[in-house]
Amino acid sequence: MRSSNPVFSRRGFSRDNGYAGFNAQPQAGGPAVGTQTNPYAGQQAPTNPYAANPYGQQDLQGAPPQAPVTTGRMTMDDVVMRTATTLGVLVVTAALAWALLPVDDANISKSYGIAIGAGLVAMVLGFVQAFKRKASPPLILAYAALEGVFLGVVSSVVDNRIASGAAMQAVLGTMAVFLAVLVAYKAGWIRVNRRFYGFVMAAALGFVLLMAVNLLFSVFGGGDGLGFRSGGLGIMFGIIGVLLGACFLALDFKQVEDGIAYGAPREEAWLAAFGLTMTLVWIYLEFLRLIAILQGND
């Protein structure tokens with residue numbers, strides 16, 4: 001199946017990436033239908049159940065049979081280490097931006113300008129990596145560093161000028177959502193199937209479109225546009241944003257699980273780290289905005 005995350009959908013662990021028999025077709029005189037040659041495992045591997053249809057009749061929650069481990073295949077340890085490295089770079093640059101880019105009255109314009117510039121460059125790098133054929137660790141780490149600068153300044157602004165302690169609360173909230181979704185996914189309480197995927201994608205599309213319309217109204221009409229980012233509507237949309245982020249995490253966990261099971265190359269762990277980092281940034285920003293609205297209304 002394809003993930004909501006553009007990184008996984010474009011290249012990572014989607015049904016047409018060719019790893020371990022993904023989307024492969026039996027050849028005349030070749031293996032019988034139901035088995036494909038795994039170029040990484042060096043032996044016959046089970047047919048990818050999503051090769052013909054990414055949302056087939058079978059339930060997507062159960063992971064496909066695990067193939068024998070061979071050198072050069074991605075493992076969970078690889079994903080954990082790359083994700084920790086990417087998040088570590090992001091956290092370090094965020095802390096440096098917080099400390100070195102003050103947000104007092106005399107410096108806030110300059111600091112915010114640097115943050116916006118870093119955020120825009122990070123977005124461009126994210127799109128470049130999403131459409132590359134292979135993972136580029138320097139590009140991914142550069143994205144994390146610039147995203148950290150953006151988050152550091154934005155967090156400092158909210159924490160020092162709007163809602164004291166908001167940054168730490170947003171961090172704790174993001175960690176809580178990550179752990180809750182991971183436990184629920186591993187316990188089978190979240191079933192990642194065709195209906196789940198369709199619902200999440202429809203909700204995400206509607207959410208993004210509404211936010212885009214609100215942004216346009218705020219740019220040309222002033223104020224908060226249609227009010228989706230403040231007051232009661234802002235709180236409601238903040239909660240929806242966090243819930244969507246949690247759903248994205250479940251989809252990402254499924255993609256990582258399938259990538260490991262089907263023998264994706266080890267370097268693809270960087271794509272997993274990149275995708276998970278993007279989702280965690282989404283959740284953090286939604287928490288930060290939600291806390292700012294709640295405390296700002298006190």
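The values are calculated or read from the model by the stated rules, or taken from the named source; none is laboratory data. As the structure is a prediction and not an experimental result, all values here were calculated from the model. Note that each Cβ is placed from the backbone with ideal geometry, even for glycine, and that neighbours are counted across all protein chains shown. What goes into the accessible areas is simple: the full protein's heavy atoms, side chains included, and nothing from ligands, DNA or RNA. Shrake-Rupley method; radii C 1.70, N 1.55, O 1.52, S 1.80 Å.
Report the semi-axes of the equivalent ellipsoid for the stretch 69-227 in whole Å, largest first, where each axis is √(5λ) for an eigenvalue λ of the Cα gyration tensor. Display every interim value, and only then the final one.
Values: eigenvalues 184, 107, 65 Å².
They are 30, 23, 18 Å, listed largest first.
Counting only heavy atoms of protein chains, what accessible area per residue, in Å², does the stretch 80-124 have with a probe of 1.4 Å?
On the way: 2640 Å² over 45 residues.
Using a 1.4 Å probe on heavy atoms only, each residue of the stretch 80-124 averages 59 Å².
If you bin every alpha carbon distance in the stretch 109-163 into 5 Å steps from zero, what whole percent lands in each bin?
4, 21, 25, 19, 13, 9, 6, 2, 1
Quick check: residue separation of L172 and V128 times 0.36 nm, minus the Cα distance between them. What number comes out in nm? Present the calculation step by step, with values, prior to reporting the outcome.
On the way: separation 44, 0.36 × 44 = 15.84 nm, distance 3.04 nm.
Separation in residues times 0.36 nm, less the Cα-Cα distance, equals 12.8 nm.
Along the charge dipole of the stretch 226-298, which of L243, G232, A261 sits closest to the positive end, that is, farthest toward it, with unit charges on the beta carbon of Lys, Arg, Asp and Glu (+1, +1, -1, -1)?
G232
Could you order peptides 166-174, 256-264, 131-139 by the average number of other Cβ atoms within 10 Å of their residues, highest first? Provide the component values of the computation, followed by the final result.
Working: 166-174: 18.7, 256-264: 24.7, 131-139: 13.6.
Listed from highest to lowest mean packing, they are 256-264, 166-174, 131-139.
Roughly how compact is the stretch 86-126, stated as its Cα Rg over 2.2 N^0.38 Å to two decimals? Could the numbers behind the result be given before it?
On the way: Rg = 11.2 Å, N = 41, 2.2 N^0.38 = 9.0 Å.
Expressed relative to 2.2 N^0.38 Å, the Cα Rg reads 1.24.
Using a Cα-Cα cut-off of under 29 Å, which lysines could be cross-linked to K134, ignoring same-chain neighbours fewer than 8 residues away?
Filter leaves K186, K254.
Rounded to the nearest 0.05, what FRET efficiency is calculated for L205 and A95 with R0 set to 41 Å and r the Cβ-Cβ distance?
On the way: r = 35 Å, r/R0 = 0.84.
The computed FRET efficiency comes out at 0.75.
Can you compute log10 of I(q)/I(0) for the stretch 253-298 with the Debye formula, treating each Cα as one identical point scatterer, at q = 0.26 Å⁻¹?
Calculated log10 I(q)/I(0) at the listed q: -0.88.
Report the charge-dipole magnitude of the stretch 148-298 in Debye, nearest 20, computed about the Cα centre from +1 at each Lys and Arg Cβ and -1 at each Asp and Glu Cβ.
Numbers: 9 positive and 9 negative charges, 60 e Å.
It works out to roughly 300 debye.
Which value in nm describes the separation of the simple spin-label points at L139 and I240, placed 7 Å from the Cα toward the beta carbon?
3.3
Which whole-number percent gives the relative contact order of the stretch 150-268, counting Cα pairs below 8 Å spaced six or more residues apart?
The normalised contact order for the stretch 150-268 reaches 23 percent.
In the stretch 155-298, what percent of the accessible surface is made up of carbon and sulfur (1.4 Å probe, ligands and nucleic acids excluded)? Mind showing how you got there, number by number?
Numbers: 4610 of 6420 Å².
The C+S portion of the solvent-accessible surface of the stretch 155-298 is 72 percent.
What are the principal axis extents of the Cα atoms in the stretch 179-296, in Å, biggest first?
52, 27, 27
Would you mind getting the accessible area per residue of the stretch 134-284, heavy atoms of the protein chains only, 1.4 Å probe, in Å²? Walk me through the intermediate numbers first.
On the way: 6430 Å² over 151 residues.
Heavy-atom SASA per residue in the stretch 134-284 reads 43 Å².
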